[in-house]
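The numbers here are math on the coordinates, done by the rules we state, and not lab data. This one's a predicted model, so the numbers in the text were calculated from it and none came from an experiment. Here the Cβ positions follow ideal geometry from the backbone for every residue, glycine too, while neighbour counts run over all protein chains shown.
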Amino acid sequence: MRTKYLVTFMLVLALAFTEFAVLRRVDIRVAGSAGGPGGVAATETQIPAYDVTALKSPKGKYLGVTVTGGAEMERVRKFAGETGKTPNLVAIFESFDDKFAASEVRELHNYGALAVIRWEPYDVPLRDIAAGRHDAYVKEFAAAVRTLNLPIALTFAHEMNGHWYSWGTKKTTAAEYVAAWRHLHDIFTQQGATNVIWTWTPNVVNYLRKVSIRALYPGDAYVDWVGMDGYYTNRGPKTFQDLFVPTITQIRTFTRRPLLIVETGAEPSSRRPAQITDLLTNVARRRDFLGVAYFNINGSGKWNIDRDDAALRAFRRSAAKDTFGFDIRTVK
């Protein structure tokens, strides 16, 4: 009897080992296929990143605005009511140490507008960013962008050819700027955050003739849109031709990327209505321009047009063209 029980026990034990080995092989095979060479099994399938291809070159023009408070929807809606056109591009300013403004981006997307994140590295040396000293923060930010999985345009360290910001020409070399931009782009790519439209944005060159914007350009592999910031001031250029074309001419010596005026405004004067008409008319007619965003905030100048009836009428009349405005959610 003992021999019989012993043989039975050995058969059960052998079957148990065989089942374990088969299951173990299945586990290894699943882990390898899900996690790749690393052999780490994925617990869930990630949704593909939002495809921004159509938004990079839409059939219509972007007509945007910057208001106090970033994505303060009451102000955005007020501007829409005043100008007769729903903005589909709205700027949000974030410092380099801020968390990604996911809720604001979501709110804008639900409104039909693309958020333009103005990422500002105040008092953060760009050489440190390029060297990877802020990688933990950048990875967290990029991962949050990917997790939200909605489209954004991203401008980093805008107006870098000027001297008024801490990342400007007084404290940062062109090589440091380019290295920082490329490093950020690489991290976003590694994090799968391809739902970003990279928007390189210098200031117009009119007052900065000695600075080479070509040297500051990260390259077409790292840039989707070329933005520019420029304002109609009472002491400066009075027309689109004088304000923006010198910069466009320089840009076209090194890239054919589409153009976008990310910031502009006009100071109060009898010329302001005509300047707004000049601005919107030129953006509407030029095929190389994606659109324009009006800076409706008083800052370095009194750009706000909320109480300027003549300026609002000019804006409403010029923005009424079918060329301007579309819901980004419907673009395919």
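Quick notes
- For first residues located in segment 197-210 and without any contact (Cβ under 8 Å) to a residue 40 or more places away in the chain, partners that are β-branched (Val, Ile, Thr) and assigned to a strand (DSSP E or B) and lie 6+ apart or on another chain with Cβ distances below 8 Å do not occur.
- If you go through segment 278-332 and keep only what is more than 20 Å from VAL226 (Cα to Cα), outside any loop (DSSP other than H, G, I, E, B) and under 22 Å from the mean Cα position of the chain (by Cα), you end up with ARG329, THR330.
- Scan of segment 196-212 for residues that are farther than 16 Å from LEU260 by Cα and either in contact with a helix residue (DSSP H, G or I) (Cβ under 9 Å, 6 or more places away or on another chain) or among the hydrophobic types (A, V, I, L, M, F, W, C) (or both), ordered by number: ASN206, LEU208, ARG209, VAL211, SER212
- When GLU140 is tested against (1) over 13 Å from the mean Cα position of the chain (by Cα); (2) of a type in the set (D, E, K, R); (3) within 21 Å of LEU55 (Cβ to Cβ), only condition (3) is not met.
- So GLY168, is it over 18 Å from PHE96 (Cα atoms) and part of a loop (DSSP other than H, G, I, E, B): no
- Candidates ILE276, ILE297, filtered to the one that is closer than 19 Å to ALA113 by Cβ and either buried (at least 18 other Cβ atoms within 10 Å of the Cβ) or free of Cβ contacts under 8 Å to residues at least 12 places away in the same chain (or both): ILE297
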